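A.B. asks: Here's a structure for you.
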Amino acid sequence: MSDKFTIYHNPRCRKSREALALLQENNIEPEVVRYLDSPLSSEDLRLIVAKLDVPVKAIVRTEEKVYKEILKLIK
């Protein structure tokens, strides 16, 4: 396993701040990618999902308003 960590961070998100703090408390200084400032490409997202080995829905914030609006459009 690599010792390099990357966190895709939103400083306005409490859980994101908590995750970053937890890493730092454990002396892990990750590369911080502020994804709202530098959006990820489709390919980046595919690679992340593949590395996590989880369904896409597992990393989607399904309670967000924008998610619910998109669902209405595709149904």
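Since every read-out is calculated from the coordinates, none of them should be taken as a lab result. Note that the coordinates shown come from a computational prediction; the quantities given were computed from them, not determined experimentally. Note that each Cβ is placed from the backbone with ideal geometry, even for glycine, and that neighbours are counted across all protein chains shown.
A.B. asks: Output the residues belonging to region 27-36 that are of a type in the set (D, E, K, R) and within 20 Å of Val60 (Cβ to Cβ). Break it down into steps so the answer makes sense when it comes.
C.D. replies: First, pick out the residues of region 27-36 that are of a type in the set (D, E, K, R): 29, 31, 34.
Within region 27-36, Arg34 is the sole residue that qualifies.
A.B. asks: What are the residues in region 16-34 that are of a type in the set (D, E, K, R) and more than 20 Å from Leu45 (Cα to Cα), if any?
C.D. replies: Scanning region 16-34 gives Arg17, Glu18, Glu25, Glu29.
A.B. asks: Continuing with this model, one more query. Quick one: count up the residues across region 16-75 that are under 19 Å from Asp3 (Cα atoms) and of a type in the set (S, T, N, Q).
C.D. replies: Result for region 16-75: 3.
A.B. asks: Do we have any residue at all in region 12-26 that's among the basic types (Lys, Arg) and farther than 20 Å from Arg61 by Cβ? Show your work before the answer.
C.D. replies: From region 12-26, those among the basic types (Lys, Arg) are 12, 14-15, 17; that's our starting set.
When the remaining residues are screened for being farther than 20 Å from Arg61 by Cβ, the result is none.
No - not one qualifying residue is present in region 12-26.
A.B. asks: For region 7-59, name all the residues that are surrounded by 12 or more Cβ atoms within 10 Å (Cβ to Cβ) and of a type in the set (Ser, Thr, Tyr).
C.D. replies: Within region 7-59, Tyr8, Ser16, Tyr35 meet the criteria.
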